[in-house]
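In what follows, a single structure is set out as structure tokens and then discussed.
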Ligand SMILES: Cc1ncc(COP(=O)(O)O)c(C=O)c1O
């Protein structure tokens, strides 16, 4: 047996994300307009950057506490309290992580054992399934496309009836990547009521919580504190993807366990980034407001233009994505459609199938791009569709 064949089979089954692969492929097309990646096009606010520079100059270059500087955890607790009216103790219930990604991996590796099952609503951000696989667990995919991509208590009850004891957790993500759909207070109330019947963890990825356009975000932790691990971070709210700051918010007894996984995965997150994050969560508490207004304008524009071209869209109320059903009369295989559109129409969108089978015959548009680019992209899309 060759050594390479002895590698962990769970890793062998994982592929590099289709989003990255597709993006790399279309990047080779000259003059392409890409609305592909899920990353803010804004730069990190100047005062936050300066806090990072000051941290370097002041030699804040050593390890911090494992769970992050206390000042940062306090700032995160205040931010969450002020914005979403929910209290987490910064001493015992918050961990600063390496982006939301490490918050997710530390959480999943803490909770999951081989053979466990995890409920995952589809279509879904492609970051979760590989982590579930690495932990030796398997996902139970819940297709919520029959309800405008909003999961209902019935979806959960049905899955629990079928898989019952093996289910260890459910992952929620709202506002959603890729659909932009978010849950209203009454929907969260109903879901929480259902989930509290079952002894399962709720991992609520709320990384887009500052980017909701009509309604203020409601955290799942507010309704089901004792079962929930809330994941959040600064990547989207403060255009800080490269700084790698995320958080877990969870009851003390869960946090203590997640902290062990966090320590042995990464020790702690960057001290320099943490100093910038303190600035972002205190003096920059409302930095997302201007960006949100701009995203909203773009959303309205893209939603309207794609609607005119007969794309069917569940109204996106948050994040910076539009998930649109390809109109009849066009290629229905989302990869074939996106490929053809990129080559002939010079606009790159992400095939819906990158987010699971439930996303087939859809495309994801990321409107984290300036208006000029969006106008040009929509003109090209129109030229291609008509
Ligand atoms: C739903 C969702 N969760 C988590 C992440 C990862 O966030 P971070 O860059 O903070 O690791 C992303 C990034 O695109 C995302 O869309």
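What residue among 95, 200, 245 shows peak mean-square fluctuation when the chain is described by a Gaussian network model with Cα springs under 10 Å?
200
Taking springs between alpha-carbon atoms closer than 10 angstrom, which of 207, 16, 56 fluctuates most in the Gaussian network model of the chain?
Sorting by GNM fluctuation, first place goes to 16.
Provide the FRET efficiency to the nearest 0.05 for the residue 343-residue 186 pair, computing r from the beta carbons and using R0 = 45 Å.
Numbers: r = 45 Å, r/R0 = 0.99.
Efficiency for this residue pair is about 0.50.
How far apart, in nanometres, would the label points at residue 161 and residue 386 be if each is projected 7 angstrom from Cα along the Cα-to-Cβ direction?
5.0
Estimate the FRET efficiency between residue 197 and residue 252 by the formula 1/(1 + (r/R0)^6), using the beta-carbon distance for r and 30 Å for R0, to the nearest 0.05.
0.80
Over the stretch 207-290, what is the relative contact order in percent, taking alpha-carbon pairs closer than 8 angstrom and at least six residues apart? Kindly include the intermediate steps, with their values, before the conclusion.
Working: 77 pairs, mean separation 21.9, N = 84.
This gives 26 percent for the stretch 207-290.
May I have the convex hull volume per residue, in Å³, for the Cα set of the stretch 268-386?
Working: hull volume 16.7 nm³, N = 119.
It comes to 141 Å³ per residue, whole-number rounded.
Calculate the length of the line joining the C-alpha centroid of the stretch 1-41 to that of the stretch 313-386, in whole Å.
Going from one Cα centre to the other spans 19 Å.
When all C-alpha to C-alpha distances in the stretch 112-257 are sorted into bins of 5 Å, what percent of pairs does each bin hold, rounded to whole numbers?
Reading the bins upward from 0: 2, 9, 18, 24, 23, 15, 6, 2, 0.
Quick one: which of 358-367, 173-182, 308-317 comes out on top by average Cβ neighbours within 10 Å, and what's the full order, highest first?
Final packing ranking: 173-182, 358-367, 308-317.
Could you check the simple spin-label distance between residue 330 and residue 370, using points 7 Å along Cα→Cβ, in nm with one decimal?
2.6
What relative contact order, as a whole-number percentage, does the stretch 132-255 give when Cα pairs under 8 Å and 6 or more residues apart are counted?
Values: 165 pairs, mean separation 23.4, N = 124.
Dividing the mean separation by the residue count of the stretch 132-255 yields 19 percent.
Output the antiparallel fraction of DSSP beta bridges having both residues in the stretch 46-281, as a percent to the nearest 5. Don't skip to the end; give the middle numbers.
Details: 8 of 26 bridges.
In the stretch 46-281, approximately 30 percent of DSSP beta bridges are antiparallel ones.
Take peptides 5-13, 161-169, 112-120 and line them up by average Cβ neighbours within 10 Å, highest first, as a rough protection proxy. It would help to have the intermediate numbers written out before the result.
Numbers: 5-13: 10.2, 161-169: 13.8, 112-120: 18.1.
So the peptides 5-13, 161-169, 112-120, ranked by packing, come out 112-120, 161-169, 5-13.
Pull out a ≥ b ≥ c, the square roots of the eigenvalues of the alpha-carbon gyration tensor of the stretch 24-183, then state rounded if a/c is under 1.5, prolate if not and a/b is larger than b/c, and oblate in the remaining case.
Working: a/c = 1.90, a/b = 1.32, b/c = 1.44.
Here the stretch 24-183 falls in the oblate category.
Using a 10 Å cut-off around each Cβ, can you sort 267, 255, 92, 138 from fewest to most neighbouring Cβ atoms? Don't skip to the end; give the middle numbers.
Details: 267 11, 255 22, 92 15, 138 18.
If I rank by nearby Cβ atoms, fewest first, I get 267, 92, 138, 255.
Just need the relative contact order of the stretch 277-386 here, percent rounded to a whole number, with Cα pairs under 8 Å and 6+ apart. Write down the numbers at each step before the final one.
Values: 130 pairs, mean separation 27.0, N = 110.
Over the stretch 277-386, the number comes to 25 percent.
Semi-axes of the equivalent ellipsoid for the chain, please: Cα gyration tensor eigenvalues, times 5, square-rooted, ordered largest first, whole Å. Please list the in-between numbers first.
Numbers: eigenvalues 201, 136, 92 Å².
Equivalent ellipsoid of the chain: 32, 26, 21 Å, largest first.
With bins 10 Å wide starting at 0, give me the P(r) of the stretch 103-193 over every alpha carbon pair, in whole percents.
Taking every Cα pair in the stretch 103-193, the percentages come to 16, 49, 33, 2.
Coordinate-derived values only; no laboratory data. This one's a predicted model, so the numbers in the text were calculated from it and none came from an experiment. As a convention, Cβ positions derive from the backbone with ideal geometry for all residues, glycine included, and neighbour counts pool all protein chains shown.
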